[in-house]
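Heads up, the thing below is written out as structure tokens.
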Amino acid sequence: MIKSPTSAPIRQRFLFSLPIITKIRRKMMNTHEYSEGDCLALDRVISRIQPTQKEGMCSDVELLINEMLNAPKSYVKLDAHDICDFFQGDGPISLLETAVDDTTSKRMVLALENIKNEIDQYNSFERLLLFFNIPQEHPLLIKELQTLTKWIESFQNTPDVLWGTAYNQEGLFRIVVMGG
């Protein structure tokens, strides 16, 4: 470890200067799965996220990230490494959560229309993370994934896509979208 002129390890001095919110984030993550460097990398990604304000939807970035990382019933699981590796760099990341009634026959179409209406620059994303949170009784269907694929292919430049899926008990078809 490199020593500073005061003989305190630089890493230790740096950690003392981290904001309190970083400690809160670490408590939300399953810290036994992640190193200190992983936590810091996730903090850097979270600091770049700009939630789109939408009435009735969650704009708490940390809550939504925590939900992705710690979903109890995931069948395509995302972890902090996935998110950090996917959003390397410095640019801003847009975030939106949208939800539609799960019993609606065109739930994917309606959710994607909500995304189009709420995120102006969605068509210019280079990277797109989608986290589906849906009732277990109504999993994603192949035709819905085909609709999603067509939507992504309609972008000016087809973005790299990362996605995960978890189950909820809410009766809602929810999508958390992060794009940058």
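Things worth noting here:
- For the range 165-178, the criterion of being crowded, with 16+ Cβ neighbours inside 10 Å, touching a strand residue (DSSP E or B) at 6+ places or on another chain (Cβ under 8 Å), among the polar types (S, T, N, Q) and free of Cβ contacts under 8 Å to residues at least 24 places away in the same chain is met by no residue.
- Screening the range 107-145 for residues that are within 16 Å of residue 155 (Cα to Cα) and β-branched (Val, Ile, Thr) and picking the one that is modelled with the lowest pLDDT gives 119.
- Within the range 146-178, the set of residues being modelled with pLDDT of 90 or more and among the small types (Gly, Ala, Ser) comprises 164, 166.
- Those residues of the range 67-90 which are in contact with a Lys or Arg (Cβ under 8 Å, 6 or more places away or on another chain) and modelled with pLDDT under 90, in sequence order: 71, 90
The values are calculated or read from the model by the stated rules, or taken from the named source; none is laboratory data. Model, not experiment: these values are computed from the prediction. Cβ coordinates were reconstructed from backbone atoms using ideal geometry, including for glycine residues, and neighbour counts include every protein chain displayed.
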